[in-house]
1. From (1) touching a Phe, Trp or Tyr at 6+ places or on another chain (Cβ under 8 Å); (2) open to solvent by less than 60 Å² (accessible area, probe 1.4 Å); (3) over 25 Å from N41 (Cβ atoms), pick out the condition that doesn't hold for C128.
2. Quickly run through the stretch 69-88 and pick out the residues that are without any contact (Cβ under 8 Å) to a residue 24 or more places away in the chain, in contact with a strand residue (DSSP E or B) (Cβ under 6 Å, 6 or more places away or on another chain) and not in a strand (DSSP E or B).
3. With the requirement that a residue be over 26 Å from A89 (Cα atoms), open to solvent by 20 Å² or more (accessible area, probe 1.4 Å) and without any contact (Cβ under 8 Å) to a residue 40 or more places away in the chain, what does the stretch 131-159 give you?
4. Any idea how many residues of the stretch 105-127 are at positive phi and either at pLDDT below 95 or outside any loop (DSSP other than H, G, I, E, B) (or both)?
5. Restricting to the stretch 49-68, and then to whatever is in contact (Cβ under 8 Å) with a residue 24 or more places away in the chain and in a loop (DSSP other than H, G, I, E, B), can you tell me which residue is farthest from W91 (Cα to Cα)?
6. When you check E162 against the structure, is it open to solvent by 60 Å² or more (accessible area, probe 1.4 Å) and either free of Cβ contacts under 8 Å to residues at least 40 places away in the same chain or out of contact with any helix residue (DSSP H, G or I) (no Cβ under 6 Å at 6 or more places or on another chain) (or both), yes or no?
Amino acid sequence: MALGKDYATQECSIARALEIVGERWTLLVVRDALYGVRRYNDFLVHLGIPRAVLASRLQTLIAEGILDKRRYQQSPPRDEYVPTERGIALWPTLRSLGLWGREHFGEAPLRYFRHADCGTELGLYGECPACRLVVPVADVLMEPGPALDPDPADPVSRALLEPKRLTAPLHIPSAGAARTPAEADTGGPDRV
């Protein structure tokens, strides 16, 4: 018997949240959107996610107001996916999961998250220990850590080797700059 997709018998806000973001891949799509990934094929290449799964997750995240779909090109039609305030509000959850994984699985840091104004690494709850304030997501500087592959295969991972602020669009080399056919924008699934 297949598992249900909701927690109808649970009177719990965690259960309701899991109905939206608890499917495999969903939080990684949100993570990438917060990292600045915007285009369908860039999500596809960076995550290694099946096309149908990505299309489904994007549809759900748009319907739930976590991502906003915006047209960036008319002919052929192409869209980008931008985190909304509701999506940005998931940052503390992703931060906590990342720190939990690092602590309990002994991983070296893949990325550092710092207060862009002073350079101090953020605390457990996204606060700046030096400035004594919770840092807004747009003021979080993401930098590569020592465990990150210094020569990744895909263009999104290569672009993420540069320090950047969260939610700022990631700049990926143009389609003519050594991208494989799988990495080039096809326009097909962008219509999600």
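1. (1) is the only condition that C128 fails.
2. T84
3. Let us first name the residues in the stretch 131-159 that are over 26 Å from A89 (Cα atoms), namely 146-147, 149-155, 158.
Among the residues that remain, those that are also open to solvent by 20 Å² or more (accessible area, probe 1.4 Å) are: 146-147, 149-151, 153-154, 158.
Within the stretch 131-159, P146, D149, P150, D151, A153, R158 qualify.
4. Within the stretch 105-127, the subset at positive phi is 106, 119, 126.
So of that shortlist, the ones also either at pLDDT below 95 or outside any loop (DSSP other than H, G, I, E, B) (or both) come out as 106, 126.
Selection size over the stretch 105-127: 2.
5. In the first step, residues of the stretch 49-68 are kept if they are in contact (Cβ under 8 Å) with a residue 24 or more places away in the chain; the result is 49, 51, 53-55, 57-62, 64, 66-67.
Then keep just the ones that are in a loop (DSSP other than H, G, I, E, B); that gives 49, 64, 66.
Numbers: I49: 21, E64: 16, I66: 12 Å.
My answer is I49.
6. Values: open to solvent by 60 Å² or more (accessible area, probe 1.4 Å): yes; either free of Cβ contacts under 8 Å to residues at least 40 places away in the same chain or out of contact with any helix residue (DSSP H, G or I) (no Cβ under 6 Å at 6 or more places or on another chain) (or both): yes.
In short, yes.
Table: residues versus (1) of a type in the set (A, V, I, L, M, F, W, C); (2) open to solvent by less than 40 Å² (accessible area, probe 1.4 Å).
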{"site": "A52", "(1), (2)": "yes, no"}
{"site": "S56", "(1), (2)": "no, no"}
{"site": "L61", "(1), (2)": "yes, yes"}
{"site": "T93", "(1), (2)": "no, no"}
{"site": "L99", "(1), (2)": "yes, yes"}
{"site": "H104", "(1), (2)": "no, no"}
{"site": "R114", "(1), (2)": "no, no"}
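The values are calculated or read from the model by the stated rules, or taken from the named source; none is laboratory data. In this text the structure is predicted, and so the values were computed from the model without any measurement. A quick note on method: Cβ atoms are made from the backbone with ideal geometry, for glycine too, and the neighbour counts reach across all protein chains shown. Side chains are part of the model used for accessible areas, which takes the heavy atoms of the whole protein and leaves out ligands, DNA and RNA. Shrake-Rupley method; radii C 1.70, N 1.55, O 1.52, S 1.80 Å.
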